[in-house]
Structure formats: structure tokens, C-alpha cells
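Structure, as C-alpha cells:
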Amino acid sequence: MKTAVIGASGYAGGELLRLLATHPVFEVTVVSAHSNAGEQVTSVHPQLQSYAGREFVTADSIDFTTIELVFLALPHGESAALIYKLPSHVKIVDLGADFRLEDPAQWERYYGGKHAGAWVYGLPELAAGQREAIKSQNKVANPGCYATSISLGIAPAMSLIDSSDIVVVAASGTTGAGRSAKINLIGSEVMGSLSSYKFGGTHQHTPEIEQALSSLAQKEAKISFTPILAPMPRGILATITAKLTSALTTEQAHQLYSQHYADEFFVDLLPAGQMPKTSAVTGSNKVQIQVAVDQHSNRLVVSVAIDNLVKGAAGQAIQNANLICGLSEISGLALDGIGA
């Protein structure tokens, strides 16, 4: 299937190219990056030697009539402008935020500009029926990286918690901030240090998470979310706590999560006593989860680890593309993490 990757010079775009290089069906025929047009792919992504000799092109130069599948890995707000230039037959997975939010007011508050509308939300493991909803579409809004880890971490317990009191502290590697040069992201600033950012409920994934969880619980969900910049290139470790409304032990919580994710290839509930590690999921589309009940405060505590560039971006996008193209969901993604 002839495939184009638009916005391929960024971290998520590069990860898309890496994973697609060995995909059994998706053939990358176009690699686009406007600001890098004319440059060799390997000059930006030296690890991608399977693309040696290939050059980035501009999106305007692409003949989309020959393309069957498009991945958009563009900055937020740029996908919508390009969508209307694509033929109706093209299947699209958008890694940006442009089509995630249903409420125009939330889009304007957290992103600014005109709201482009909403597509089906591409998180198959979120709820019963979500996978089938994705399969029925040809355009998918890929979830955000934090939103993926947090939503999957708390989803099985939504009927047992106070959905208005979900507290999250999550640390992410620096690739989550994109590839543009920023003083606060250079090695001298980041190494050996942790810092919070977008403090006080201002992170743009907040309404996305609340939208997903409110739909799941059929009542309003609210989160207090503090993101942390961690001195590592990639990975997310999220800690989620919520007030329990029903009596629950750690063993019961573990059993609940085990049953909920029993048939999910990409979600691993770890054995009791084993904690999620970002290094364990690096390079994979896996989610690691551990759960406990803090009896002292009567709160559920969930720990979740993902690779922000794979399950949080490129791998999830390919998982969604597999679904809308009628392929096995795990095609090209049956990969374990790299580890330490």
C-alpha cells in the first residue's frame, strides 16, 4: 500500500519511518518535510540507513492520487490546512491534535485558532466499541502521548472512583517537546535535573483526557495534571491516583485490570511487586501498568510506562492505520522493548 509520511523530519516522523521500514504492507513512497526539502533523509535521521539515497520533498509537490495512506506528523494546527487538499480515497492518520477535541471552546482555550472538527479517537484499548469505531473510518485522530498513558491507566477503574478527583503526575523525555531548538531543552539544562512545566492545569492534553474519560464514564471527569520534564530522551512514566467510591483491595484492583486488559496485545499488567520502567518499553508499542490501593487515603494508585514516540505517537499511528486498512492490528509492531 503506497504510503506518505508528512512531517517526517521530526522525532515522531523519524520513528514512523523506522517502524514502517519493516512493515509488511505499508510501503513508504513519499517522505515529506517542508523545511528540509531536498535534503537526504539520512542527514536528519542518520539511524535510518534503509532510506539512504531518499530525499525529503515538500507536501505541495506530492501527487496524492497515487497515495493510499497518509501519516501526518505536523505541528498542531497545520494538519487541517492540508487535509482539504487530499483526495477522498486517501486514508489518513493525524498524529497532531487538530481533530482530537470535540468542543471548539476547548480547542480555542488550549491551542488557539479555528477548530477543525473531530475525527474518531484512535485509542482502541480505551473502551468497548472503540476498536470497531476506528475500523469503520478512514480518518483517525491519533491520541497525545500523555493522554494515551493516563487514559489507559485509569480507564478500567472509572466505575469505582470519583471521576471528578483524578490526580496525575507524569514525567516525559525531552523528545515529547519536539525537535525545535529550545534553550530549556539543551543537554546542559536538562541533564541531572527534573522540572515541572505547564504547571497548574494548563497542559494541552488535559481536555483530551477529560473528553475520553467523560465519554467512558458517562459523567464528567476532571484531572489535575502536572507534567515533568525528565533528563532522558524518550519515555513517559505516569502516576495516577483517584479517590475510591467502593471498597477495593490491591489484589482486587489487580484482578480488575487483569480482566480488563486480558485480550490486549499491547497492554501488559505486570505481576504484583514489579513496577513499570520506561526502559522496558523503549522502542515498543507496549504499555506497562501496575496498580495498588492506598488504604490509608482510600485512593487507587496506578503506575504506567510507555515510549512517548511509539505507543505515544508513531506506533499508535501504525496500529490505527492497520485497523482502518483491514490488517492485523499488530502488523509491523510485534516488538518487545529494548531494555537497559
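The values are calculated or read from the model by the stated rules, or taken from the named source; none is laboratory data. Bear in mind that the values here come from a model prediction, so they are computed numbers and not experimental data. Neighbour counts are summed over all protein chains in view; Cβ atoms, including those assigned to glycine, are modelled from backbone coordinates with ideal geometry.
Descriptive notes on the structure:
- Considering residues of segment 311-340 that are buried (at least 22 other Cβ atoms within 10 Å of the Cβ) and out of contact with any helix residue (DSSP H, G or I) (no Cβ under 8 Å at 6 or more places or on another chain) only, the residue nearest to ASP263 (Cα to Cα): GLN319
- When segment 91-106 is limited to residues that are of a type in the set (Asp, Glu) and surrounded by fewer than 24 Cβ atoms within 10 Å (Cβ to Cβ), the one that is farthest from GLY13 (Cα to Cα) turns out to be ASP103.
- Per the listing ILE134, ILE67, the residue uniquely over 26 Å from LEU152 (Cβ atoms), among the aliphatic types (A, V, I, L, M), touching a residue at least 60 places away in the same chain (Cβ under 8 Å) and not assigned by TED's automatic domain parsing to the domain that holds GLY153 is ILE67.
- Candidates SER195, SER88, SER163, filtered to the one that is more than 19 Å from ALA12 (Cβ to Cβ), outside the structural domain of GLY315 (by TED's automatic domain parsing), at pLDDT below 95 and of a type in the set (Ser, Thr, Tyr): SER195
- Some residue of segment 99-116 being part of a strand (DSSP E or B), at pLDDT 95 or above and in contact with a helix residue (DSSP H, G or I) (Cβ under 8 Å, 6 or more places away or on another chain): no
- Among the residues of segment 139-165, those identified as in a strand (DSSP E or B) and touching a helix residue (DSSP H, G or I) at 6+ places or on another chain (Cβ under 6 Å) are VAL140, SER163.
- Residues in segment 181-192 that are closer than 26 Å to TRP107 by Cα and either assigned by TED's automatic domain parsing to the domain that holds LEU95 or exposed (fewer than 11 other Cβ atoms within 10 Å of the Cβ) (or both): 1 in all.
- Qualifying positions in segment 1-53 - more than 22 Å from THR175 (Cα to Cα), hydroxyl-bearing (Ser, Thr, Tyr) and either assigned to a strand (DSSP E or B) or assigned by TED's automatic domain parsing to the domain that holds GLY283 (or both): THR3, THR29
- Residue match in segment 55-64 (condition: within 22 Å of the chain's Cα centre (by Cα) and at negative phi): no
- Among the residues of this structure, GLY176 does not count as one that is exposed (fewer than 13 other Cβ atoms within 10 Å of the Cβ) and closer than 28 Å to PRO104 by Cβ.
- Selection count, segment 63-92, where residues are part of a loop (DSSP other than H, G, I, E, B) and not basic (Lys, Arg): 15
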